[in-house]
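Written below as structure tokens is the structure these notes are about.
Nothing in this text is a laboratory measurement; each read-out follows from the coordinates by a stated rule. Every value quoted in this text rests on a predicted model; they were computed, and no experiment measured them. Cβ placement follows ideal geometry from the backbone for every residue including glycine, while neighbour counts extend to all protein chains displayed.
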Amino acid sequence: MVKLANEEQSQVKRATRAAYGATLAELANEGLPVVAVDADLTGSTTTKKLADAGFADRLFNCGIAEQNMVDVAAGLAATGHIAYTGSFAVFGTGRAYDQIRNTVCYSNLDVKIAPTHAGISVGSHQMLEDVSLMRGLPNMRVLVPADYAAARAAIRLAAETPGPVYVRMGRASVPAVYADGVELELGRAYVLREGSDATIVACGVEVEQALKAAQMLAAEGVE
């Protein structure tokens, strides 16, 4: 089992998107050739933090042109960079699907599609089918972090993983599930609570809700 956040840590709420720009800046400081390509949402996606950390030459704002954003990222990846894209999930996957499919995935380029504002917690610009869209693509790996610590780990894991990776992040602040410094592995499911009667499977911000559901069931004698 991975180490979970303690009760004090779980009271601190942070959005998974808050980890994005800060982690990119850390990776750049560590010498990785990361770049970020955004579609006029550098503040909302937090990719602006990469520029604020002294790497303004690694942040490319394409304006409201998500399809062009993906192709620019593909070009940067073809020249040896680890390219991350930034937009809202509804635009970063739906509007740019053809470019992700044909330019990034078929060529197995080192592009990380990492949008924010996924799911239904946004209010507007909601997106649910982005996971299924990305799961069906060749060479694409999908990571859906549950909290801030997991988002940091997922962004790092994406940088270490050759080829296309989808990292799905949200806007809303969520409680901590994992302890700080958690490390994730591709293709592995983590047992967060042992039981004998039922299995609950969840990903992303629903993991915290699934743990709550398990507690409620345990109170009724269902483990």
Charge-dipole axis of the chain as Lys and Arg at +1 and Asp and Glu at -1 on Cβ define it, positive-most pick from Leu211, Val165, Ala53
Ala53
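If you take every residue apart from Ala114 with its C-beta less than 10 Å away from the C-beta of Ala114, what net charge results, scoring Lys and Arg +1 and Asp and Glu -1? Write out the running numbers ahead of the final one.
Working: positive: Arg17, Lys112, Arg168; negative: none.
Within the 10 Å Cβ shell, the charges total +3.
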Among the GluC sites (Glu not before Pro) within segment 1-35, which fall in a DSSP loop and have no more than 10 other Cβ atoms within 10 Å of their own Cβ?
Glu30
Cα gyration tensor of segment 32-135, axes a ≥ b ≥ c as square roots of the eigenvalues: rounded (a/c below 1.5), prolate (a/b > b/c) or oblate?
oblate
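Return the subset of Lys13/Lys212; Lys3/Lys49; Lys49/Lys212; Lys3/Lys212; Lys49/Lys112 for which the Cα-Cα distance in this structure is over 26 Å, preserving the input order. Kindly include the intermediate steps, with their values, before the conclusion.
Numbers: Lys13/Lys212 16 Å; Lys3/Lys49 28 Å; Lys49/Lys212 33 Å; Lys3/Lys212 17 Å; Lys49/Lys112 17 Å.
Violating the 26 Å limit, Cα to Cα: Lys3/Lys49; Lys49/Lys212.
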Please give, to one decimal in nm, the separation of the simple spin-label points placed at Asn68 and Glu129, each 7 Å out from Cα toward the Cβ.
2.7
Two-site label geometry, Leu32 and Glu160: point separation in nm, points 7 Å out along Cα→Cβ:
0.9
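When the dipole is taken about the Cα centre of segment 88-223, and only Lys, Arg (+1) and Asp, Glu (-1) are charged at their Cβ, what size is it in debye, to the nearest 20? Before the final figure, lay out the partial values.
Values: 12 positive and 15 negative charges, 110 e Å.
In debye, rounded to 20, segment 88-223 gives about 520.
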Using only the Cα atoms of the chain, build the gyration tensor, take square roots of its eigenvalues as a ≥ b ≥ c, and label the shape rounded, prolate or oblate: rounded if a/c is under 1.5, else prolate if a/b is larger than b/c, else oblate.
prolate
Degrees between helix 148-160 axis and first principal axis of the chain (Cα, 0 to 90, nearest 10):
50
Using 0.36 nm times the number of residues separating Val191 and Lys13, minus their current alpha carbon distance, what extension gain do you get?
61.9 nm
Evaluated over segment 81-132, the Cα radius of gyration and Dmax, each in Å:
11.4, 35
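Among the trypsin sites (Lys or Arg not before Pro) within segment 1-75, which fall in a DSSP loop and have no more than 15 other Cβ atoms within 10 Å of their own Cβ?
Values: sites: Lys3, Lys13, Arg14, Arg17, Lys48, Lys49, Arg58; in loops: Lys3, Arg17.
Passing sites in segment 1-75 are Lys3.
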